[in-house]
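The values are calculated or read from the model by the stated rules, or taken from the named source; none is laboratory data. Just so we're clear, the structure is a prediction, and the values are computed from it rather than from any experiment. Note: areas computed on protein heavy atoms with side chains; ligands, DNA, RNA excluded. Shrake-Rupley method; radii C 1.70, N 1.55, O 1.52, S 1.80 Å.
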Amino acid sequence: MTSSRDHVERNRRHWDESAAGWHGPLAREHWSRLEPAWGLWQSPEAEVAVFGDGVAGLDAVELGCGTGYVSAWTATPTTARTPG
C-alpha cells in the first residue's frame, strides 16, 4: 500500500513537471503586463473589472494555479486605482 507521503510527493512532482509546459511559454508575457488579463481571450482587467474598485487595503489570497503574477500585481500601487 502506498503511504500518503508517497502520494503527496508523486502528485507534487506531476504538477511541477506539467506546470512548466502550461505556464512556461506564457509566464514572461504575463509578468510583463501592467494589469492581469483573464480567460481564453485574455480580456484586460480594465475591461472586465474582476477587481471592481481595486483591492487596495484588502487581504487577498490567490487560489489556483499559474505563476502568481496576479498576486504580485495586487501587491502594487496600481491596484488602488479604479479600472477603466
Checklist entry - How many residues, within segment 1-23, are open to solvent by less than 100 Å² (accessible area, probe 1.4 Å) and closer than 28 Å to W73 by Cα? => result 6
Checklist entry - Among the residues of segment 24-69 satisfying the criterion of being small (G, A, S) and assigned to a helix (DSSP H, G or I), which is least open to solvent (accessible area, probe 1.4 Å)? => result A27
Item to check | Count - residues of segment 73-84 that are open to solvent by 40 Å² or more (accessible area, probe 1.4 Å) and modelled with pLDDT of 75 or more | outcome: 1
